[in-house]
Amino acid sequence: MKLADWSLRFYRIPYVHTIHWANAVEKEGVYALLTLRNEHGQAGHAEGTLKATWSGVSPAMLQAAFDDILIPQLSNTDMSDAQAVARALAPIPENRLGKGMIETAAQLLRAAAHQQPCWRFTQGQAQVDVAWTLTRQPPAQMVAQALEHYTRHGICSFKVKGGQGVKTDLAVLRALRDALPAHCRYVVDANSHYTPAQAPHYLEQLAACGVEYAEDPCPLESLSLFESLQRQSPLPILVDRACTTEQDAERFLQAGALALSTKPGRIGMGEAQRIRQRAAQHDAKTTVGIYAESALGTLINLQWAASCPNGLNAFPAEQTFYLGLTASPLKLALSLEGGAIHLPDQPLTDNALDLTGIAFKLD
């Protein structure tokens, strides 16, 4: 199967509320949609989230990378062979987002060539349990938001953004446990806010609050620091920021990692799958992390999340950010009920998309 045509489209979607990330404050999201087509006109899609402090690329930069470097690498590549696509892209340094989008779109293209949705093509499940991410806000607002999504959608797993100070983080967790049923689950992501000296006490406090995983409590680039911290920690440390490649995963696993975050929206399904395989070899767990996806990106990434073997998931997929957007690139709303998203039983086609009112062109 050869690549016959491709396109890159851009769109922006305002948020319902201003979002306070660890490294930015935003009122909207900017996205890129990559479409790859084979000689029979079948298509595979991938969404990229464009943020200066996350992906490090602008729309113009991404367009130039595809035009000048990435797409030419695929000219003689058999798109039906996932390893061949990975080999074609491997010589290109950097360009993590663009290469990841290609591997994801190619995976959906292979499924479309078999007239199947990707989740069925990879023998996955038809529904995926999901978690809601509580971004940095005053504790009362975070609790109110958690209650809203528990009541409306049945979501009972929450990723809590920490880093507001130890006292505030703990106040949020205690308030959540008081307000929500006892079966609700929590991961706390401090986005490396605390120092290595603060981290051991912080981890003890999180464990006392019933938190299941602590994501990036402090900078984890030092493997010796991580190994010591995990050895002393009363709960597993979920490695995110410092683990974006298969090689990173192996280094952390050798250092005793128990859980790794995989973000197909950040690194693509191909690299995410390679990290998942490494984790399985070490009896470690993985999560499907948030990358501020739209409903379209959520639908795409959940195709991969659906194929995760039983027992390997550390936590429900963090793929509900789209609920905080004011518009969707999809004509039909995602089916979210009982804390799970039910995946459609047909491939994602252009007929399912609607970029009216949100798309923009480069100057």
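Quick one: Cα convex hull volume of region 264-332, Å³ per residue? Walk me through the numbers before you get to the answer.
Details: hull volume 5.7 nm³, N = 69.
In region 264-332, the Cα hull volume divided by residue count equals 82 Å³.
Using a probe of 1.4 Å, the accessible surface attributed to Lys27 totals some 150 Å² when neighbouring protein chains are kept in position. For region 66-215, list log₁₀ I(q)/I(0) at each q in 0.09, 0.17, 0.19 Å⁻¹, using the Debye formula over Cα point scatterers of equal strength and ignoring solvent, two decimals each. Normalising to I(0) and taking log10 leaves -0.50, -0.89, -0.97. Element breakdown for region 3-118 at a 1.4 angstrom probe: carbon and sulfur atoms account for 50% of the accessible area.
Diffusion of region 81-164 by Stokes-Einstein, at 20 °C in a medium of 1.002 mPa s and with Rh set to the Kirkwood radius over alpha-carbon pairs, works out to 131 µm²/s. Estimated at the nearest 10 Å², the accessible area of His282 is 70 Å² with a 1.4 Å probe. Stokes-Einstein diffusion of region 1-54 at 37 °C, 0.692 mPa s viscosity, Kirkwood radius from Cα pairs, rounded to a whole number: 251 µm²/s. The 3J(HN,Hα) values that the Karplus relation (6.51, -1.76, 1.60; θ = phi - 60°) gives for region 207-221 are, in residue order, 4, 5, 8, x, 5, 8, 9, 10, 8, 6, x, 8, x, 10, 4 Hz. Gly and Pro appear as x. Rg over Rh for region 253-295 works out to 1.02, both radii taken from alpha-carbon positions and Rh defined as the Kirkwood radius.
Springs between Cα atoms under 10 Å define the GNM used for the chain, and in it the highest mean-square fluctuation of Asp68, Asp248, Asp78 occurs at Asp68.
Considering only protein heavy atoms, what per residue accessible area in square angstrom results for region 102-238 with a 1.4 angstrom probe? Walk me through the numbers on the way to the answer.
Values: 5650 Å² over 137 residues.
Value for region 102-238: 41 Å² per residue.
The alpha-carbon positions of the chain define a convex hull whose volume is 127 Å³ per residue. Computed over protein heavy atoms with a 1.4 Å probe, the carbon and sulfur contribution to the accessible area of region 140-265 reaches 51%. The angle between the Cα long axis of helix 139-153 and the main principal axis of the chain comes to about 50°, on a 0 to 90 degree scale.
Largest first, the extents of the alpha carbon coordinates of region 3-118 on the three principal axes equal 42, 31, 20 Å.
Relative to the longest principal axis of the Cα atoms of the chain, helix 264-281 runs at roughly 70 degrees. Amide H contacts under 5 Å for Asp189: Val160, Lys161, Gly162, Glu215, restricted to partners 5 or more places along the chain or on a different chain, H placed in the peptide plane at 1.01 Å from N. Derived scalar couplings between HN and Hα for region 234-249 equal x, 9, x, 8, 8, 8, 10, 4, 8, 10, 10, 9, 4, 5, 4, 4 Hz in order, rounded to whole Hz, by the Karplus curve 6.51 cos²θ - 1.76 cosθ + 1.60 (θ = phi - 60°), x for Gly and Pro. Other residues lying with their Cβ under 15 Å from the Cβ of His342 contribute a combined charge of -2, Lys and Arg counting +1, Asp and Glu -1.
The values are calculated or read from the model by the stated rules, or taken from the named source; none is laboratory data. Nothing here was measured: the structure is a model prediction, and the numbers come from that model. Every residue, glycine among them, receives a Cβ derived from its backbone with ideal geometry; neighbour counts consider all protein chains shown. Areas reflect the complete protein model, heavy atoms only, side chains present, ligands, DNA and RNA absent. Shrake-Rupley method; radii C 1.70, N 1.55, O 1.52, S 1.80 Å.
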